[in-house]
Amino acid sequence: ARAPWLRRPLALASAGGALAWLGAITLLGVHDAPPLPSLTVQELAGAKPVDLAQVARGQPVVVNLWASWCGPCRQEMPLLAETQRREKAVRFLFVNQGESAEVVRAYLGEQKLALDDVLLNSGSRLAPAVGSRGLPTTLFYDAGGRRIDAHFGVLNEAALESRLRRLRTAR
């Protein structure tokens, strides 16, 4: 307390700097949101090759990277399937990493999972393209194709609903 007259100006300067820093982070985060990569994947139904970015264009989308051998993926899949059925404003894409169509069909049949939009990424190129280091990874993109959020690991209902709420309000 050698210079009490400096306390107030220093506190105001610190607060102003913190606000400027937070504002810059927020603005940069919005403008630098990574887009959904343009990558060719194959539809499970019909075996047609499609561009992932084109499939998701114009609407909010949840992209789930998964594999049948992944225990955490298997754990969250029923929740994602149920949410896909009831959530009509958001499209769900289930992008299998590296497995054959036969393996994926067998798994979905055994588990009685009726999923729409199951895609095969046979070369597993999507995970490194989006910065995923493991499975499951779930990505949330707005209607403009900008990533709003990402989650690594098992999604529970509360975490999924929170991210969907954020996705619905993203501009």
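The values are calculated or read from the model by the stated rules, or taken from the named source; none is laboratory data. The shown structure was predicted, so the numbers you read here are calculated from the model rather than taken from an experiment. Cβ coordinates were reconstructed from backbone atoms using ideal geometry, including for glycine residues, and neighbour counts include every protein chain displayed. Protein only, heavy atoms only, side chains kept; ligands, DNA and RNA dropped before computing areas. Shrake-Rupley method; radii C 1.70, N 1.55, O 1.52, S 1.80 Å.
Using Cα extents along the principal axes in Å as the read-out, say which of [x] 75, 29, 29; [y] 42, 35, 26; [z] 52, 32, 29 was calculated from these coordinates.
Of the listed options [x] 75, 29, 29; [y] 42, 35, 26; [z] 52, 32, 29, [x] comes from this structure.
For segment 99-147 and segment 31-92, what is the separation of their Cα centres, given in Å?
6
How big is the dipole moment of segment 55-97 about its Cα centre under a simple scheme where the beta carbon of each Lys and Arg is +1, that of each Asp and Glu is -1, and everything else is neutral? Debye, nearest 20, please.
Dipole magnitude for segment 55-97 comes out near 180 debye.
Local charge sum around residue 37 (other residues, Cβ-Cβ under 14 Å, Lys/Arg +1, Asp/Glu -1)?
Net local charge, residue 37 excluded: +3.
I need the calculated FRET efficiency for the pair residue 146 and residue 116, taking r as the beta carbon distance and R₀ as 22 Å, to the nearest 0.05.
0.45
Which whole-number value in Å² is the accessible area per residue of the chain, probe 1.4 Å? Intermediate values should be presented prior to the final figure.
Working: 9730 Å² over 171 residues.
That works out to 57 Å² per residue.
Using the charge dipole of the chain (Lys, Arg: +1 at Cβ; Asp, Glu: -1 at Cβ; taken about the Cα centre), state which of 12, 69, 160 has its Cα farthest towards the positive end.
Checked the options; the winner is 12.
Per the helix-only calculation at 222 nm, which mean residue ellipticity applies to the chain, given -39500 (n - 2.57) for every DSSP H run of n ≥ 4 and division by its residues, nearest 500 deg cm²/dmol? Don't jump to the answer; show the numbers that get you there.
Details: 6 runs with 73 residues, N = 171.
Calculated from helices alone, the mean residue ellipticity at 222 nm is -13500 deg cm²/dmol.
Give, as a single signed number, the net charge of other residues whose beta carbon lies under 12 Å from the beta carbon of residue 118, with Lys and Arg counted +1 and Asp and Glu -1. Spell out each step's value before the answer.
Numbers: positive: 105; negative: 43, 99, 116, 117.
Overall, the nearby charge balance is -3.
So in the chain, what percent of DSSP beta bridges are antiparallel if you round to the nearest 5?
Details: 16 of 26 bridges.
Bridges in the chain are about 60 percent antiparallel.
Rounded to the nearest 0.05, what FRET efficiency do residue 59 and residue 12 have when you use their Cβ-Cβ distance and R0 = 45 Å?
It comes to 0.50.
Which whole-number percent gives the relative contact order of the chain, counting Cα pairs below 8 Å spaced six or more residues apart?
On the way: 251 pairs, mean separation 45.0, N = 171.
Relative CO of the chain lands at 26 percent.
Quick check: at a probe of 1.4 Å, how many percent of the accessible area of the chain sits on carbon and sulfur atoms? Let's see the in-between values first.
Details: 5590 of 9730 Å².
Summing carbon and sulfur atoms, their accessible area is 57 percent of the total for the chain.
Within 15 Å, Cβ to Cβ, of residue 155, how many net charges do the neighbouring residues add up to if Lys/Arg are +1 and Asp/Glu are -1? Intermediate results must be reported in sequence, preceding the final value.
On the way: positive: 74, 163, 165, 166; negative: 76, 82, 87, 149, 157, 161.
Taking every Cβ under 15 Å from that of residue 155, the sum is -2.
Placing +1 at every Lys and Arg Cβ and -1 at every Asp and Glu Cβ, with all other atoms neutral, what dipole size does the chain have around its Cα centre, in debye to the nearest 20? Walk me through the numbers before you get to the answer.
On the way: 21 positive and 15 negative charges, 179 e Å.
Dipole of the chain, to the nearest 20 debye: 860 debye.
Pairing the Cα long axis of helix 71-86 with the longest principal axis of the chain, what angle in degrees results, from 0 to 90 and rounded to the nearest 10?
Helix 71-86 and the main axis of the chain meet at about 90 degrees.
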